[in-house]
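Just below is one structure, and these are the notes that go with it.
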Amino acid sequence: MSEAEEAPSFDAFVAARGSAMLRQAYVLTGDRYLAEDLVQEVLAHLYRKWDKVAAASSPEAYVRTSITRQFLSWRRRRSSGERVTDHLPERPSLDATDLVDGDDVVWHALATLPRRQRAILALRFYDDRSDAQIAEILGISQSSVRAQASRGIATLRAHLSTAGLDVTGGVS
């Protein structure tokens, strides 16, 4: 960053990019309230070291990477709070309105993916990241990114096909 360009203050950055951070977190979590919690946790952590973050070549990329990494570790921690039960709750059935609203079906299908596959698909299709960038963000190999993305897309296609949605012209 040149001396002429002043690093944005924390408040200015959050005001300018807060909604984009929430959208990214929502794509990862699939839940508005969990997305808000995720962003809040990341911002609370980054606030303490904002001078370093703001001095980076791309503070937004740093924050987005932090959100994705926090999502992956955060979900692991939260999953330990789940309780085992003797019987499963009733599975929601699809009716005609659900089939018309493909977005809802897609969100339900995304929710079935393992967190890493979901993060990879979100980074690829929401953030428009390359395999190399995703591999760097997640600390895995590019071939692992491609394999996980392929499995995730196959799972989504299977869910959407089961729901009666046409997936022939979809994502590859």
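The values are calculated or read from the model by the stated rules, or taken from the named source; none is laboratory data. Remember, predicted model here, so these are calculated numbers, not experimental data. Every residue, glycine as well, gets a Cβ built from its backbone with ideal geometry; the counts of neighbours run over all protein chains shown.
Just to be sure before I move on: is Arg118 among the basic types (Lys, Arg), modelled with pLDDT of 90 or more, under 17 Å from Gln24 (Cβ atoms) and outside the structural domain of Ala35 (by TED's automatic domain parsing) in the structure I sent? In short, yes. Among residues that are surrounded by 13 or more Cβ atoms within 10 Å (Cβ to Cβ), of a type in the set (Phe, Trp, Tyr) and at pLDDT below 90, Trp74 is included. Name the residues in the range 8-46 that are surrounded by 12 or more Cβ atoms within 10 Å (Cβ to Cβ) and aromatic (Phe, Trp, Tyr), would you? The answer is Phe10, Phe13, Tyr26. Residues in the range 90-113: is at least one surrounded by fewer than 18 Cβ atoms within 10 Å (Cβ to Cβ) and modelled with pLDDT of 85 or more? There is at least one residue in the range 90-113 that is surrounded by fewer than 18 Cβ atoms within 10 Å (Cβ to Cβ) and modelled with pLDDT of 85 or more. Would it be correct to say that Glu136 is at pLDDT below 70 and more than 14 Å from Ala25 (Cα to Cα)? It is false that Glu136 is at pLDDT below 70 and more than 14 Å from Ala25 (Cα to Cα). The set of residues in the range 121-133 that are closer than 14 Å to Val27 by Cβ, charged (D, E, K, R) and in contact (Cβ under 8 Å) with a residue 12 or more places away in the chain comprises Arg124, Asp127.
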